[in-house]
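What follows is a set of notes on a single structure, which appears directly below.
The values are calculated or read from the model by the stated rules, or taken from the named source; none is laboratory data. Everything quoted here is computed from the prediction, not taken from an experiment. Methodologically, a virtual Cβ is constructed for each residue, glycine included, from the backbone with ideal geometry; neighbour enumeration extends over all protein chains shown. Protein only, heavy atoms only, side chains kept; ligands, DNA and RNA dropped before computing areas. Shrake-Rupley method; radii C 1.70, N 1.55, O 1.52, S 1.80 Å.
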Amino acid sequence: MESIWKDQPQRTANMRLAVEDLSQTCRRDRYYPLCIAAFCNHCCRGHHDTRWWDDLAIPVHVDAAGQPTFPKHFPNGNPIEDWIVKRMVEEHYATPFKRDAYCTRCMRAFSTGLCFHHQQYCGRDFIVRRIEEHDGRHYVRCRGDEKWFADLENMLGDPVGEDYGELMLLPLLTRKPGICVQCAGPVPNPFWWRCSRACAASHDQEVARRRERREARRAALQIANLHVDG
Ligand SMILES: [Zn+2]
Ligand SMILES: [Zn+2]
Ligand SMILES: [Zn+2]
Ligand SMILES: [Zn+2]
Ligand SMILES: [Zn+2]
């Protein structure tokens, strides 16, 4: 370990996405009587009137057969009134939703099928909207000029597969917390993401090379498109 060298702090948005577990699915797992609706606790905790969330957000479990089981009491111990039960049982709880988006402002992965709050309040420009899963790996479909792109660039791999017009499919390069992105060895400080000056230099070079390859590929595609159009 070198004593003088310090890794530059990684952009926080990037740090959180690199360690998110996108393979987990979400579902409506709470009924919240104040909003008269069911929500996913992972996606929407904090998006509603949070003062009463711990007391009144009713957890709804789903059994092995996919049937929801409803508690008789609120988390604060009070019985749930019949008119609330009537509304609560009408919602759909079992359907799983993929975590297919990431908000770079809130630094949270979420499901666009369950949560519209980031689009509404954080703004579309800050949201990585198209996280896709293919054969157990996660990819981001994007153009490369999105506002969030610079924040996440160093954790996106080379374009793979087919392009849909102008969109590239870039593999998400995830890592475990405390592990160097370059050599997979331990980092000397939990806030660092590269373990040494040498790893930082190689990693910076790799990011720059990936940028070149991406740009070359986009330029080639544009030329190909020109030929098709002309
Ligand atoms: Zn969720
Ligand atoms: Zn939400
Ligand atoms: Zn609400
Ligand atoms: Zn957000
Ligand atoms: Zn290293």
Estimated FRET transfer efficiency (residue 52, residue 23; beta-carbon r; R0 25 Å; 0.05): 0.20
Say the dipole of the chain comes from +1 at the beta carbon of Lys and Arg and -1 at that of Asp and Glu; which of 172, 38, 152 then lies farthest toward its positive end? 152
From DSSP H assignment alone, runs of 4+ in the chain each adding -39500 (n - 2.57), the sum over residues rounded to the nearest 500 puts [θ] at 222 nm at -7500 deg cm²/dmol
Not counting ligands, DNA or RNA, and with a 1.4 Å probe, what is residue 174's accessible surface area in Å² rounded to the nearest 10? 80
Note the angle between two axes, namely the Cα long axis of helix 197-229 and the longest principal axis of the Cα atoms of the chain, as a number of degrees from 0 to 90, rounded to the nearest 10. 90
What figure in square angstrom, to the nearest 10, would you give for the accessible area of residue 223 with a 1.4 Å probe? 90
For the chain, what % of the accessible area comes from carbon and sulfur atoms, probe 1.4 Å? 52
Where the Cα pairs of the chain fall when distances are cut into 5 Å bins, in %: 1, 6, 12, 14, 14, 13, 11, 10, 7, 6, 4, 2, 1, 0, 0
Could you give the accessible area per residue of the chain, probe 1.4 Å, as a whole number in Å²? 58
As straight-line cross-link partners of residue 6, the qualifying lysines (C-alpha separation under 29 Å, not fewer than 8 residues apart within one chain) are 147, 176
At 25 °C and 0.890 mPa s, grab the translational diffusion coefficient of the stretch 71-172 from Stokes-Einstein with a Kirkwood Rh over Cα pairs, rounded to a whole number in µm² per second. 151
Separation of alpha-carbon centers, the stretch 130-180 and the stretch 21-98, rounded to whole Å: 32
In Å², nearest 10: area of residue 86 left accessible to a 1.4 Å probe: 140
Give me the one-decimal nm value for the distance between modelled label points at residue 116 and residue 82, 7 Å along each residue's Cα-to-Cβ direction. 3.3
First measure r as the distance between the Cβ atoms of residue 133 and residue 63, then evaluate 1/(1 + (r/R0)^6) with R0 = 25 Å and state the FRET efficiency to the nearest 0.05. 0.45
5 Å is the cut-off here: which amide hydrogens, built 1.01 Å from N in the peptide plane, fall below it relative to residue 62, excluding neighbours closer than 5 in sequence? 69
Give me Rg/Rg_expected for the stretch 98-229, where Rg uses Cα atoms only and Rg_expected = 2.2 N^0.38 Å with N residues. 1.17
In a solvent-free Debye calculation with one equal scatterer on each Cα, what is log10 I(q)/I(0) for the stretch 26-96 at q = 0.14, 0.28 Å⁻¹, listed in the order of the q values? -0.38, -1.44
Output the relative contact order of the stretch 83-189, whole-number percent, from Cα pairs under 8 angstrom with separation of 6+ residues. 17
Residue 105 to residue 175: extension gain in nm, 0.36 nm per residue of separation minus the Cα-Cα distance? 23.1 nm
